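First up is the structure itself, then whatever we jot down about it.
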Amino acid sequence: TVRGSVKLWMDKFPLEAERTSFIIKSWLEADGDIEMIREHVIQWLKKYPEEIETHFVLKSWLDAGGSKELVEDYVKRWLDKYGDRLEVSFVITAWLGAEGDLHLMEPYMLQWLQKYPEEKEVEFVIVAWLKAGGSRETIKTYFKRWIEKYPEKQETEFALVTWLKTGGPRETIE
């Protein structure tokens, strides 16, 4: 079975940096059993807490419903090192989507938004922030700037709908 093969591979090559991160990511994205891979995730994060590939493991773990508490220190450590990278949006959105602590993520999110205010990925960060119950006031400037840059893009719909559904004033987008 695929499950058996993944388990055998992970047992034989548990700490191969990039290769193992992609096995973990793929397994979790395919709705694989979290508990089967939990120890491998922990061991991998302990060995590679600051590798760029770590964001794949963190995002996949959080998206799959893995424990936030288990990875929180690794999330902070990774964001402290790579906070100025475009890939940060993946970790922010995964953390917020997993109902992680807004106060923990807010400074990282604001740093990222200041650096990448007009990237297409801003939409995902803003939507995740609003859906997680984050303050509209915190992201209002970035939201407005983003919709002004992409007024006719299909993706703008999701940001607009989320803004309005979470009680954002229409005046902001008129």
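The values are calculated or read from the model by the stated rules, or taken from the named source; none is laboratory data. Since we're looking at a predicted model, the values are computed, not measured. Ideal geometry is used to build each Cβ from the backbone, glycine not excepted, and the neighbour counts take in all protein chains shown. Only protein heavy atoms, including side chains, enter the accessible area calculation; ligands, DNA and RNA are left aside. Shrake-Rupley method; radii C 1.70, N 1.55, O 1.52, S 1.80 Å.
Quick notes on this structure:
- Placing +1 on each Lys and Arg Cβ and -1 on each Asp and Glu Cβ, with no other charges, gives the stretch 83-174 a dipole about its Cα centre of roughly 140 debye.
- Average accessible area per residue (Å²) across the chain - probe 1.4 Å, nucleic acids and ligands excluded: 54 Å²
- Dipole moment magnitude, nearest 20 debye, the stretch 18-174 about Cα centre, only Lys, Arg, Asp, Glu C-beta charged: 260 debye
- The spacing between the stretch 1-74 and the stretch 123-174, judged by their C-alpha centroids, is 32 Å.
- Within the accessible area of the chain, the carbon and sulfur atoms contribute 49%, probe 1.4 Å, all protein chains present.
- Helix-only mean residue ellipticity at 222 nm for the chain, each DSSP H run of n ≥ 4 adding -39500 (n - 2.57), per residue, nearest 500: -21500 deg cm²/dmol
- Extension gain, Glu29 to Leu86: 0.36 nm times the residue separation minus the Cα-Cα distance gives 18.4 nm.
- Taking only Cα atoms of the chain, radius of gyration then Dmax in Å: 17.6, 58
- Cross-link pairs beyond the 25 Å C-alpha cut-off, checked among Lys81/Lys115; Lys12/Lys76; Lys59/Lys81: Lys12/Lys76
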